[in-house]
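Each remark here refers to the structure printed beneath this line.
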Amino acid sequence: MRILALSTMCALVLARAALAQPAPTTADIINSLKPSAQGLTATTRGIRPAGTAQAAAPAATEAPSVSLTVNFKSGSAELTPSAEHTLDSLGHALTSQDLSGFRFRVEGHTDTVGKPDENRALSAARAAAVAAYLEKKFSVPAERLEAAGVGSDQLLVPTGDQVAEPRNRAVKVINLGA
């Protein structure tokens, strides 16, 4: 019995430590969202003389993105002070010279607890709250931000149904290009 209690306590401490990771810095976010030179040149086309064989199109590469833990009050789209702290780093990154020319998709994600339709609506409201915060505090033009809620349809960490996984209650920011 004691061993079970001790192992349970250890698991809880480790889980809490994993969740208490510091928010990414502005530089971390810029590096995650900035397209690489390889990604920029992979989609260009050259001019070829007629009759020459064309190489196969390069494989599509995943757009630069970053997943951020943005804490909301339970069951709501209200930002917490820790959420605002994380979004301040994002706002500084999006207004940096490195990223100011790009558009971004702000995806709200949820865990699998609750009904899928309710999770989609909640994640859409959360994504809209993030976009509104960035527009208001950092003057990021609304045309540069596309808010979308995906609910528990695209889990960031695979889990079963009705699993309260905090890492799935996040916002993913994806660079859509210029």
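Taken together, the values in this text are just the output of simple stated rules run on the coordinates, not laboratory data. The model shown is predicted, which means the values in this text are computed figures rather than measured ones. Cβ: placed from backbone, ideal geometry, glycine included. Neighbour counts: every protein chain shown.
Key figures
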| quantity | calculated |
| --- | --- |
| Cα-centred dipole magnitude for segment 99-174, charges only on beta-carbon of K, R (+1) and D, E (-1), debye, nearest 20 | 340 |
| Isotropic mean projected area of the C-alpha convex hull, segment 51-178 (nm²) | 10.2 |
| Other-chain or far-sequence residues with amide H under 5 Å of T112's (modelled H) | Q162, V163, E165 |
| Cβ-derived FRET efficiency at R0 25 Å, L176 paired with F138, nearest 0.05 | 0.90 |
| H92-K73 pseudo-label distance in nm [points 7 Å out on the Cα-to-Cβ vector] | 2.8 |
| Charge tally in the Cβ shell below 13 Å around G101, where Lys, Arg are +1 and Asp, Glu are -1, G101 excluded | +1 |
| Under 26 Å from the Cα of K137 - lysines, other chains or at least 8 residues apart | K34, K73, K172 |
